[in-house]
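*Asks:* Take a look at the following structure, please.
The values are calculated or read from the model by the stated rules, or taken from the named source; none is laboratory data. The shown structure was predicted, so the numbers you read here are calculated from the model rather than taken from an experiment. For neighbour counting, all protein chains shown are included, and Cβ atoms are generated from backbone atoms with ideal geometry for every residue, glycine included.
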Amino acid sequence: MVDRIGVVDTMFARVDMAADALAELATCEGYRERFEVVRRTVPGFKDLAVACKMLIERENCAIVLALGMAGTADVDQVCAHEASQGLMAARLMTSTHIIEVFVHENEADDPGLLASVCRERARKHARNAYWLLYEPEQLTRRAGHGIRQGFPDAGPIV
Amino acid sequence: MVDRIGVVDTMFARVDMAADALAELATCEGYRERFEVVRRTVPGFKDLAVACKMLIERENCAIVLALGMAGTADVDQVCAHEASQGLMAARLMTSTHIIEVFVHENEADDPGLLASVCRERARKHARNAYWLLYEPEQLTRRAGHGIRQGFPDAGPIV
Amino acid sequence: MVDRIGVVDTMFARVDMAADALAELATCEGYRERFEVVRRTVPGFKDLAVACKMLIERENCAIVLALGMAGTADVDQVCAHEASQGLMAARLMTSTHIIEVFVHENEADDPGLLASVCRERARKHARNAYWLLYEPEQLTRRAGHGIRQGFPDAGPIV
Amino acid sequence: MVDRIGVVDTMFARVDMAADALAELATCEGYRERFEVVRRTVPGFKDLAVACKMLIERENCAIVLALGMAGTADVDQVCAHEASQGLMAARLMTSTHIIEVFVHENEADDPGLLASVCRERARKHARNAYWLLYEPEQLTRRAGHGIRQGFPDAGPIV
Amino acid sequence: MVDRIGVVDTMFARVDMAADALAELATCEGYRERFEVVRRTVPGFKDLAVACKMLIERENCAIVLALGMAGTADVDQVCAHEASQGLMAARLMTSTHIIEVFVHENEADDPGLLASVCRERARKHARNAYWLLYEPEQLTRRAGHGIRQGFPDAGPIV
């Protein structure tokens, strides 16, 4: 049986992060043979957690990427916190990894840079999802290395 | 069997958002044939989550709209956070979408504008609930497009 | 069988809100015939949630009023938040309404006014609990009307 | 069968609050006849909740005292909040009272006063635990009386 | 049957804390005879909780060390809070101790000092995990002694 990787994004986000996540997964070994991708879109990032849980429970996804973007207002930070808490609960209720790929609009002033952070973060975490499923030693090899997604790696403290 | 869409609102809110949600649902294809609407009112927005859960568990609702309004005091922001966390837990415990339609009184200084934000947000999210149930491709088509409810869309970052 | 309404309060609070809640319930139609009241007291408001859950699970209460008062220190606000989160979880775990009747000591500078806010809020929410059980249409009739407890209604935005 | 009361404390705390809790319980009627005490120590207060849950589930404790002390840094306040949320969840998952006996180091500047707050709070709450189990009317008698632990009672508002 | 102790760390952290945790466990009595160690790496610390839960449920770990590092930005503090809340929920859902070994980058300005805090905290908590499993009296002996990990003990208040 073919494994399934879920990808959920939102209408609220201002960058099509799912496109990059899907593109990255398409380059992974075993695409369409060992695993296939299931994709859903929800209105906003508070709707992500239950959509992820539904993909795991009903669509048999082995891991899910949750893609979202937070606005710049104070209330947006609270909403991002609630969305993240939901993802945490969904992980624990299903005992399944859900990779949170959130970008805060205030991470970059320049729209072009912000878009590239979104895209790069989506790609890097798509790869992480793949590794968690099929090559966990790739993660252990990088343990404590200050790895980042969307910005350059911070690197290890020497 | 006819599907059921739940709508829960509060006595606390200062705008009758349920009227708009109900009106929008009445314009959706299949109204009263494919789906019907069940409506409840609770005292305040902390009572919404359990009311939504009861509609899902006991009234067989396939999706629920939770309509609430937050006041302007600091404690109101904490209460809104608690109400939102409750909705998140209710979603995950039932594996069912619950669309949060909250308006903060400080989103607009002008009462008329505030009321129109409330009404528009209720309508837009009523449509989103319908799409989640019957036309999920409408959501995917708008993924990453910076879609908003109550205010103009932010649009995609180009 | 006679229904049961639970009332839980604290030693910490500085006003006997339970007295007012009990008095209001005693004026409701069906008192001692259709429903009876069960009352418990706990040390502080973080103990309310589990006491409410025990009343629902073991004493068969159909709804519970949780009465508490928060002090004025910063840590008191955090404690109130934790107490409220507990009530939210208790509601969802039991699929039962629990009406939170919390007063913050800083809601009024004058002790007399503060006491009257406590008493009025307890009475109004006791009536709301009764309505939720037996006359839900009373709540729907007031949907979006800016109804308050302890202070004058904010009223609808026109 | 003899009931069991649990007492859990931490290595992190700077006062031996368990000693006072145990001493107070030893003065309660029925000590070693009607009830016995089970005691555990964990590294820090985030470890308290699961230790309390284990005492309830595996050691058959009917109620538990959770003793902890929070430092003065900002991060310590967040940790205290997380520890408290854990206790709340443990209560609700077990439907059992867990009395939180937390002291914040900034409650008193003087070390001697701080130590006496710790000891007094531990004693008062040990008594509350006993009352919850065997003399709940003692709590109801003091409802709304502004009862405190470690500092003088605030008293009722008149 | 040999017991299992889990160790989970992240690629995000900038110090290889797992190396020290593993080294400390290797010095504990019964290493490889009474207990063995299972190690996993995840992308960031929000992924720790579910990885711990999976080690407990599927790899039969009797206790788990969760190693993570928080950055210095405001959003990093929120993320750390979410990661900690996840660990708390994982503990309670499994009734198993999970020792949180988090270091905040702002705990020390000097990189060398920060690294030594990380390493020392990992070692001390690895020892605590061992004690919780096999020598709980070591913890009780130090109850209320102001024990710290990574920095000098605060000591008891006299």
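*Asks:* Run B:VAL78 past the list (1) within 12 Å of B:LYS46 (Cα to Cα); (2) touching a residue at least 12 places away in the same chain (Cβ under 8 Å) and report the number of the one that doesn't hold.
*Replies:* Condition (2) is where B:VAL78 drops out.
*Asks:* Here's another thing I want to ask about it. Evaluate the stretch B:83-95: report whether one residue or more is more than 19 Å from A:LYS53 (Cβ to Cβ) and either modelled with pLDDT of 95 or more or in contact with a Ser or Thr (Cβ under 8 Å, 6 or more places away or on another chain) (or both).
*Replies:* Yes, the conditions are met somewhere in the stretch B:83-95.
*Asks:* Same structure again: Does the stretch D:60-76 include one or more residues that are within 17 Å of C:GLY86 (Cβ to Cβ) and out of contact with any strand residue (DSSP E or B) (no Cβ under 6 Å at 6 or more places or on another chain)?
*Replies:* Looking through the stretch D:60-76, none of the residues is within 17 Å of C:GLY86 (Cβ to Cβ) and out of contact with any strand residue (DSSP E or B) (no Cβ under 6 Å at 6 or more places or on another chain).
*Asks:* Specify the residue that is surrounded by the fewest Cβ atoms within 10 Å (Cβ to Cβ); the eligible residues are those in the stretch A:61-81 that are outside any helix (DSSP H, G or I) and within 11 Å of chain B (Cβ to nearest Cβ). Explain how you work it out, then say what you get.
*Replies:* Residues of the stretch A:61-81 that are outside any helix (DSSP H, G or I), as a first pass: A:61-73.
Filter again for within 11 Å of chain B (Cβ to nearest Cβ), leaving A:67-69, A:71-73.
On the way: A:LEU67: 30, A:GLY68: 26, A:MET69: 27, A:GLY71: 18, A:THR72: 9, A:ALA73: 13.
If we take residues in the stretch A:61-81 being outside any helix (DSSP H, G or I) and within 11 Å of chain B (Cβ to nearest Cβ), then A:THR72 is surrounded by the fewest Cβ atoms within 10 Å (Cβ to Cβ).
*Asks:* Of the conditions (1) aliphatic (A, V, I, L, M); (2) touching a residue at least 60 places away in the same chain (Cβ under 8 Å); (3) touching a helix residue (DSSP H, G or I) at 6+ places or on another chain (Cβ under 6 Å), A:ALA13 satisfies every one except a single condition; which number is it?
*Replies:* Checking A:ALA13 against (1) aliphatic (A, V, I, L, M); (2) touching a residue at least 60 places away in the same chain (Cβ under 8 Å); (3) touching a helix residue (DSSP H, G or I) at 6+ places or on another chain (Cβ under 6 Å), the one that fails is (3).
*Asks:* Considering each residue of the stretch C:149-158, count those that are buried (at least 17 other Cβ atoms within 10 Å of the Cβ) and either in contact with a Phe, Trp or Tyr (Cβ under 9 Å, 6 or more places away or on another chain) or under 22 Å from B:GLU82 (Cβ atoms) (or both), and give that number.
*Replies:* 2
*Asks:* When residues of the stretch A:100-117 are filtered for being surrounded by fewer than 20 Cβ atoms within 10 Å (Cβ to Cβ), not in a helix (DSSP H, G or I) and not charged (D, E, K, R), how many remain?
*Replies:* Number of matching residues: 2.
One line per residue, one yes/no per condition, for (1) exposed (fewer than 15 other Cβ atoms within 10 Å of the Cβ); (2) more than 7 Å from chain C (Cβ to nearest Cβ):
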{"residue": "B:ARG14", "(1), (2)": "no, no"}
{"residue": "B:LEU22", "(1), (2)": "no, yes"}
{"residue": "B:GLY30", "(1), (2)": "yes, yes"}
{"residue": "B:VAL37", "(1), (2)": "no, yes"}
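*Asks:* Now, a different point. Return yes when A:GLU105 is without any contact (Cβ under 8 Å) to a residue 40 or more places away in the chain and acidic (Asp, Glu) and no when it is not.
*Replies:* Numbers: without any contact (Cβ under 8 Å) to a residue 40 or more places away in the chain: no; acidic (Asp, Glu): yes.
Here the answer is no, as A:GLU105 does not meet what is asked.
*Asks:* Looking at (1) over 17 Å from C:GLY86 (Cα atoms); (2) touching a Gly at 6+ places or on another chain (Cβ under 6 Å); (3) crowded, with 20+ Cβ neighbours inside 10 Å; (4) touching a residue at least 12 places away in the same chain (Cβ under 8 Å), which one does D:GLU120 not meet, given that it meets all the others?
*Replies:* Here D:GLU120 meets the rest and fails (3).
*Asks:* State whether the residues of the stretch D:107-126 include one that is within 18 Å of C:LEU48 (Cβ to Cβ), touching a Phe, Trp or Tyr at 6+ places or on another chain (Cβ under 9 Å) and either within 14 Å of chain C (Cβ to nearest Cβ) or at pLDDT 95 or above (or both). Explain how you work it out, then say what you get.
*Replies:* Our first condition is that a residue be within 18 Å of C:LEU48 (Cβ to Cβ); within the stretch D:107-126, this holds for D:125.
Retained after the next criterion (residues that are touching a Phe, Trp or Tyr at 6+ places or on another chain (Cβ under 9 Å)): none.
No, there is no match, as no residue in the stretch D:107-126 is within 18 Å of C:LEU48 (Cβ to Cβ), touching a Phe, Trp or Tyr at 6+ places or on another chain (Cβ under 9 Å) and either within 14 Å of chain C (Cβ to nearest Cβ) or at pLDDT 95 or above (or both).
*Asks:* Is it fair to say D:SER84 is surrounded by 19 or more Cβ atoms within 10 Å (Cβ to Cβ), assigned to a helix (DSSP H, G or I) and hydroxyl-bearing (Ser, Thr, Tyr)?
*Replies:* Yes: the conditions hold for D:SER84.
*Asks:* Would you point out the residue of the stretch D:1-12, among those that are away from chain E (no Cβ under 14 Å) and of a type outside the set (D, E, K, R), that is nearest to D:TYR130 (Cα to Cα)? Walk me through it before giving the result.
*Replies:* First pass over the stretch D:1-12, keeping only residues away from chain E (no Cβ under 14 Å): D:1-5.
Checking the rest, the ones that are also of a type outside the set (D, E, K, R) come to D:1-2, D:5.
On the way: D:MET1: 17, D:VAL2: 14, D:ILE5: 8 Å.
Of everything passing the filter in the stretch D:1-12, D:ILE5 is nearest to D:TYR130 (Cα to Cα).
*Asks:* Looking only at residues in the stretch E:102-158 that are of a type in the set (Phe, Trp, Tyr) and over 16 Å from A:GLY144 (Cβ atoms), which one is nearest to the chain's Cα centre (by Cα)?
*Replies:* Within the stretch E:102-158, the subset of a type in the set (Phe, Trp, Tyr) is E:102, E:130-131, E:134, E:151.
Filter once more, keeping what is over 16 Å from A:GLY144 (Cβ atoms): E:130-131, E:134, E:151.
Values: E:TYR130: 11, E:TRP131: 13, E:TYR134: 17, E:PHE151: 15 Å.
Out of the qualifying residues, it is E:TYR130.
*Asks:* Criterion first (surrounded by fewer than 24 Cβ atoms within 10 Å (Cβ to Cβ) and more than 10 Å from every other protein chain (Cβ to nearest Cβ)) does E:ARG58 satisfy it?
*Replies:* When the stated conditions are applied, E:ARG58 does not pass them.
*Asks:* Could you figure out which of (1) part of a helix (DSSP H, G or I); (2) closer than 21 Å to A:PRO156 by Cα; (3) within 8 Å of chain A (Cβ to nearest Cβ) isn't true of E:MET93?
*Replies:* Single failed check for E:MET93: (2).
*Asks:* Let me ask another. Within the stretch C:135-158, count every residue that is outside any loop (DSSP other than H, G, I, E, B) and of a type in the set (D, E, K, R).
*Replies:* 2
*Asks:* So which residues in the stretch C:27-50 are of a type outside the set (Lys, Arg), under 13 Å from C:PHE12 (Cβ atoms) and not in a loop (DSSP other than H, G, I, E, B), if there are any at all?
*Replies:* Start the filter on the stretch C:27-50 by keeping residues that are of a type outside the set (Lys, Arg), which leaves C:27-31, C:33, C:35-38, C:41-45, C:47-50.
Subsequent filtering for residues that are under 13 Å from C:PHE12 (Cβ atoms) retains C:41-45, C:47-48.
Listed by number, the residues that qualify are C:THR41, C:VAL42, C:PHE45, C:ASP47, C:LEU48.
*Asks:* Still on this structure, please answer the following. Pairs under 7 Å by beta carbon, first residue modelled with pLDDT of 95 or more in the stretch A:51-75, partner hydroxyl-bearing (Ser, Thr, Tyr) and in a helix (DSSP H, G or I), six or more apart or different chains?
*Replies:* What qualifies is A:LYS53/A:THR94; A:ILE56/A:THR94; A:GLU57/A:THR94.
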